[in-house]
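Structure first, commentary second.
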Amino acid sequence: MILFIYSCATTTLQRASFLGFSFSIPGVCGCCGALRPRYKRLVDNIFPEDPEDGLVKTNMEKLTFYALSAPEKLDRIGAYLSERLIRDVGRHRYGYVCIAMEALDQLLMACHCQSINLFVESFLKMVAKLLESEKPNLQILGTNSFVKFANIEEDTPSYHRSYDFFVSRFSEMCHSSHDDLEIKTKIRMSGIKGLQGVVRKTVNDELQANIWDPQHMDKIVPSLLFNLQHVEEAESRSPSPLQAPEKEKENPAELAERCLRELLGRAAFGNIKNAIKPVLIHLDNHSLWEPKVFATRCFKIIMYSIQPQHSHLVIQQLLSHLDANSRSAATVRAGIVEVLSEAAVIAATGSVGPTVLEMFNTLLRQLRLSIDYALTGSYDGAVSLGTKIIKEHEERMFQEAVIKTIGSFASTLPTYQRSEVILFIMSKVPIPSLHHPVETGRTGENRNRLTQIMLLKSLLQVSTGFQCSNMMSALPSNFLDRLLSTALMEDAEIRLFVLEILISFIDRHGNRHKFSTISTLGDISVLKLKVDKCSRQDTVFMKKHSQQLYRHIYMSCKEGTNTQKHYEALYGLLALISIELANEEVMVDLIRLVLAVQDVAQVNEENLPAYNRCALYALGAAYLNLISQLTTVPAFCQHIHEVIETRKKEAPYMLPEDVFVERPRLSQNLDGVVIEFLFRQSKISEVLGGSGYNSDRLCLPYIPQLTVDSVAVEEQERERRRQVVEKFQKAPFEEIAAHCGARASLLQSKLNQIFEITIRPPPSPSGTITAAYGQPQNHSIPVYEMKFPDLCVY
C-alpha cells in the first residue's frame, strides 16, 4: 500500500511540476520525499526557493561529501542535474541554471574518481545546451564552465569523448556579429577562451580526438586570426584613457594572440603543416598579403612561438605557397616574399636545416619568372583576349623584394653556408660561350641581360658584409673565373656590379666607405684606415690570381662607357687591394698597372672621350697619392706631390677634384700633355729602388697577361669541338677522306716506330762482331738462345 501511494504521489507531483505548478500535499509530500533517492534529495536541496539567494552552500557541501563517499552515484547526480538544467532552460529560469552550473563546477573540481567520465558526459551535455542557446549570457556561462573543466587534469583517460561540437560552436562565437559592441566583444572572447580550453584539453592527450586534424585546424586558426585582425577596430573604440587598462584585458585580439602562441607552442613536428596551412589560406582569402603588415605580424608570432627546430618547416610552407602563387599579382608575390624575409631571418637564429639552398633556388626561380612576365607582358608568354596584363613596375617591385630577401637572409648565415650560397648564385648567371644556354634574338638578349643583372644584384646583397679571413676560400678559382668573365661584358651596369662585388669580398676591415670619394688628400691619416699585415694565405691568393685581377682592372679602365660610379669603384678596388692584400711585390705591380692606365689616357688608342681620358688621369693621381703615403718613402711622396701641385696650377682637369664633380671641368686638347703633368715610371723606379723595392720590375711597363683559367680552357675546348663538328658537316667528302687518310698514315708511322723499339731484341751478351769495313756491329741473338748467368736461374 505504501509503495502504491508513493508511486501515485510521485506521478502527480511530476506532472504538476511539469505544468509549472508548485504545491505540496500534506502527509504525502513528506512521505514521498523520504522515499525518493538520496542523491536527488541532496541535489534538490542545493536550490533555494528564490534563485537570487544563490547556491545553498551547506547543502552543497553535503552533496559534495556524498559524491566523494559514493562515487558510483556521481553519474546519476550528473544526469539529474542535467535534467533539471534542461528543464530550467526551457522555462527561462536562468537563476536556477546558474546555480546548477555552479554546482557542476564544484563537483568537477572536487571529484577525480574513476566514475568521473560518466559525470563529464552529463556535464558536457549541459554545456552544449547552454552554447546552443541564443542568449549571450548563457553562452558565456557555458563557456566559463567549459574553461574550468579544461583546466582539470583527469585521473582516468576517456576513449569516446568528442569535442567536434565545441570546436565548431566556439569558432562560430569567435565570428560573432552581435549589434551591441560590448556583447559582441564578450561573445568573441568567450569563443576564444573556449577554443583555448579545447586545445588544452586535447592537445597532449593521445586518446582524445586529434585536434591537429585539418577539419579542426581549419576552424580554430582562422577564428583566432579573425580576432587578431580586428585589433585596430577594438583599440579605436576605446571610450576613454581611464578605461584603457580594462579594455586591454577585454581585448579579443590580445587573447587571440595568446591562444595562437599557445597552440603553436604545443605543435609537434608532424603538426606544423596543418597549423600553418590555414594561416596561408586565410591571408589569401582576405587579400592580406598587400599590405603585408598583418601577414608579417602573423608570421612573427608563428616563428617566435614554435620550437626553433621546426622553423625550417614554416619556411618550406612559405616557399611552396610562393610557388603556388607564381601567377598571382606581383603585389601578392612581393608580400609573400617580404614575409618570407622576416621569417627567414628569425629562423636563421634557430635551425634552417636543409632549406637554405632550396630557399635560394625558389627565389631565383621566381626572379626568372618575373623577368619573363615583365618582358612578355603576361603570365602565359603571349598576350591574348582574357589574358591578365602585367604591370612592369609591379614586377620590378617584386624583383627588388626578392633581392632584398636574398640579402637579408644570407646575412644571417654562417660563413660556410654563405659561401655555398654565393657559389650557387654565381652558377646561375648566364655567361656567353659557356655551357649555360644563352638565348638569341632581341627578346633573348634582353632576358639574358636582365637575368645577369638581377643575379649579380642578388650576389652583391649576399656578399655585402661577408667576412672571411682566407681569400682563397672567399674567392675560389671557379667563382672568380666566372665573375671576372662577366666583368668584360660591354654592358656598363653589369661591369659596375662586378666591381662592387669584388670590393665587398676584399673589404674585410670596413674601409670601403672611406674611398667612396676620389680625392688627393694631403694626409690620409684623417681616413683612420684599418690596416693589417698581409697574411700568408693572402700572399698565396695574390700569387695565383693577381695577374687575372690586374688584367680585368686594366681592361675595365679602357671602356668608353664608364661613368663616375665606375671610376669610383675602380679606385675603391685598387685602394682595398693595396690595404688588404698587398706586399711589396703587389705594390710594385699596382703602381705599374696605374702607370699603364695613364698611358692609355695619353696614347688614346681606344679613342676615348675627353671625360674618360681626364678621369683616367685623375684616377691615377688619386691612387698614386694614396699608395705613396702608404709606402712612406719620402722621395716617392715628393715626386707624386710635385706632379699633383703642377696639375693644380696648370692642368686641374687631370685631378679628381675637377673631374669627379657634378659639372666636371674638362680640356678638349689632351694630345699634347707635357711631361711635367705625368707621373714618370723612371723616376718612380729610381726612388723606390733606392728604398729596397724591385727596381728591375718597376722599370718594366705593365702588359696585361692572358691567364689560362678554367673558363678560358672550357671556352677553347668548346670552340675546338664546334670547329670539328662544323668541318665534318660542311666540308666535301674528298677533303674529309684526305684529312682522315693523312691522320691514319701519321698514326701508322708512329705505331711502326713503337713496335720497332718494343720488338727489336737487345744486344747480345756474347759480345760484338766486326763488320766488313772494320766497324764493330752488335750481333742480335734471339732471346731463347741467350745464355744467362747461373744466378738468374731459379
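Add +1 for every Lys or Arg and -1 for every Asp or Glu among the other residues with Cβ under 10 Å from the Cβ of Ser82, and state the total. After counting each charged neighbour, the total is +2. Note on segment 45-94: dipole from Cβ charges, positive end direction compared against His92, Leu74, Leu63; the farthest Cα belongs to Leu74.
Each peptide in 44-57, 274-287 gets a packing score, the mean of other Cβ atoms within 10 Å over its residues, and the list from highest to lowest is 274-287, 44-57. Taken about its Cα centre, segment 562-622 carries a charge dipole of about 260 debye when Lys and Arg each add +1 at the Cβ and Asp and Glu each add -1 at the Cβ. Annotation for segment 500-571: trypsin sites (Lys or Arg not before Pro) lying in DSSP loop with at most 13 further Cβ atoms inside 10 Å of their Cβ are Lys528, Lys530, Lys533. Rounded to the nearest Hz, the phi-derived 3J(HN,Hα) couplings of segment 581-598 under the Karplus curve 6.51 cos²θ - 1.76 cosθ + 1.60 (θ = phi - 60°) are 10, 9, 10, 4, 5, 5, 4, 4, 5, 5, 5, 4, 4, 5, 5, 5, 5, 4, where x marks glycine and proline.
Expressed as a whole percentage, what fraction of the accessible surface of segment 252-333 belongs to carbon and sulfur atoms when a 1.4 Å probe is rolled over the protein heavy atoms? On segment 252-333, the fraction of accessible area on carbon and sulfur atoms equals 52 percent.
Seen from Lys648, the other residues with C-beta closer than 10 Å to its C-beta sum to a net charge of -2, counting Lys and Arg as +1 and Asp and Glu as -1.
With a simple spin-label model that places each label point 7 Å from the Cα along the Cα-to-Cβ direction, the separation between Phe165 and Leu488 comes to 8.1 nm.
Here the spin labels are modelled as points 7 Å beyond Cα on the Cα-Cβ line, and at Arg368 and Gln705 they lie 3.7 nm apart. Measuring between their Cα centroids, segment 42-66 and segment 458-508 lie 83 Å from each other. Label positions at Ser326 and Arg665, each projected 7 Å from the Cα along the C-beta direction, are separated by 5.8 nm.
Dipole magnitude for segment 584-651: about 300 debye, using +1 per Lys or Arg Cβ and -1 per Asp or Glu Cβ, origin at the Cα centre.
The values are calculated or read from the model by the stated rules, or taken from the named source; none is laboratory data. Computed from a predicted model, the values in this text were never measured in an experiment. Note that each Cβ is placed from the backbone with ideal geometry, even for glycine, and that neighbours are counted across all protein chains shown. The accessibility values were calculated without ligands, DNA or RNA, using every heavy atom of the protein model including side chains. Shrake-Rupley method; radii C 1.70, N 1.55, O 1.52, S 1.80 Å.
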